[in-house]
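We did not get these values from a lab; they are worked out from the coordinates using the rules stated. Not measured: the values here are computed from a predicted model. Heads up, the Cβs are rebuilt from the backbone with ideal geometry, glycines too, and the neighbour counts pull from every protein chain shown.
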Amino acid sequence: MANLIEVREEQDYYVIKMDDSKANALSFDMFEQLNTALDRATKAEKVVIITGRAGKFSAGFDLKIMAQGGEKMSNLLEAGGLLAQRLITFRTPVIIAASGHAMAMGAMMLLSVDYRVGIKGNYKIGLNEVSIGMPLPHFGVELTKARLNKNHALKAVDLAQLYDAQGAVSAGYLDESVDESTLLSRAETVATQLARLDMNAYRITKSRTKAGLGDDIAAALQKDLSQLAEIALN
């Protein structure tokens, strides 16, 4: 298995960098390595920063796998839904430093974490499923209901509208946008600030504010998987 993830541990946080040297497609291997890195951060009880290679945060699900349909597509969709659920309920704060384009499942990752920093420039963020002939999964719809601003939700989902970083702040994909040269340093500053929280109080509070969303994602994912199974039988 190729090494797709780099992990750097600092005093207050872990930096998890996705880099497949291409578009950072979310394949089975990428999901496995992401979860292994998150396991390490969980044991250390540290804040997490997830980022990507320069210009590419993630293009979303690996379309070569999704195009195969059947069990492989279903399993990859499940891996994405489970990652979203894990990020929503993670025991420590999770930050994404979106290092470039963030599309489809990459954008859904943005909707699953606690704080999001993007970069100004010619980069696109959004849910492009409808434009490439794929309905947004039920668990993705639940994420958009919870995190996107209401005046952008229908355009972003039904019409597959894409945004630059500043537009993505207005829509709700990002919390702030910065110059590309300062992306990681800004994310690290936020991580250091969040590391000063009382983590026990954080976990209890997060369990109250995010428990419903986590349950909604779990139920929606089961609906996605059930529908795919019915299609496979017909």
Item to check | Order of SER131, SER112 - criterion: other Cβ atoms within 10 Å of each residue's Cβ, fewest first | outcome: SER131, SER112
Checklist entry - Pick the calculated P(r) over Cα pairs in 10 Å bins from 0, in percent for this structure from (i) 8, 31, 30, 18, 8, 3, 2, 0; (ii) 8, 34, 40, 16, 2, 0; (iii) 7, 30, 35, 22, 5, 0? => result (ii)
Item to check | Value of relative contact order over segment 17-77, rounded to a whole percent, pairs C-alpha under 8 Å and six or more apart | outcome: 45 percent
Checklist entry - Could you work out the helix-only [θ] at 222 nm for the chain, with each DSSP H run of four or more residues adding -39,500 (n - 2.57) and the total divided by the number of residues, to the nearest 500 deg cm²/dmol? => result -15500 deg cm²/dmol
Checklist outcome for this item: Expected sort for THR209, THR92, THR36 with the fewest Cβ neighbours (10 Å cutoff) up front is THR209, THR36, THR92
Checklist outcome for this item: Longest principal axis of the chain (C-alpha) makes with the long axis of helix 28-44 (C-alpha) an angle, in degrees to the nearest 10, of 30 degrees
Checklist entry - Are there GluC sites (Glu not before Pro) in segment 1-91 that DSSP marks as loop and that have at most 15 other Cβ atoms within 10 Å, and which are they? => result GLU10, GLU45
Checklist entry - Simple spin-label model, 7 Å along Cα-to-Cβ: GLU10 to THR36 in nm? => result 2.4 nm
Checklist outcome for this item: In degrees rounded to 10, the 0-90 angle between helix 70-88 Cα long axis and the longest Cα principal axis of the chain is 30 degrees
Checklist outcome for this item: Taking MET105, MET73, MET18 and counting other beta carbon atoms within 10 angstrom, the fewest-first order is MET73, MET18, MET105
Next on the checklist: Could you compute how fast segment 124-178 diffuses translationally, taking Rh as the Kirkwood radius over C-alpha pairs and applying Stokes-Einstein at 37 °C with viscosity 0.692 mPa s? Give it in µm² per second.
Outcome noted: 294 µm²/s
Next on the checklist: Need one number: % antiparallel among DSSP beta bridges in segment 5-194, to the nearest 5.
Outcome noted: 25 percent
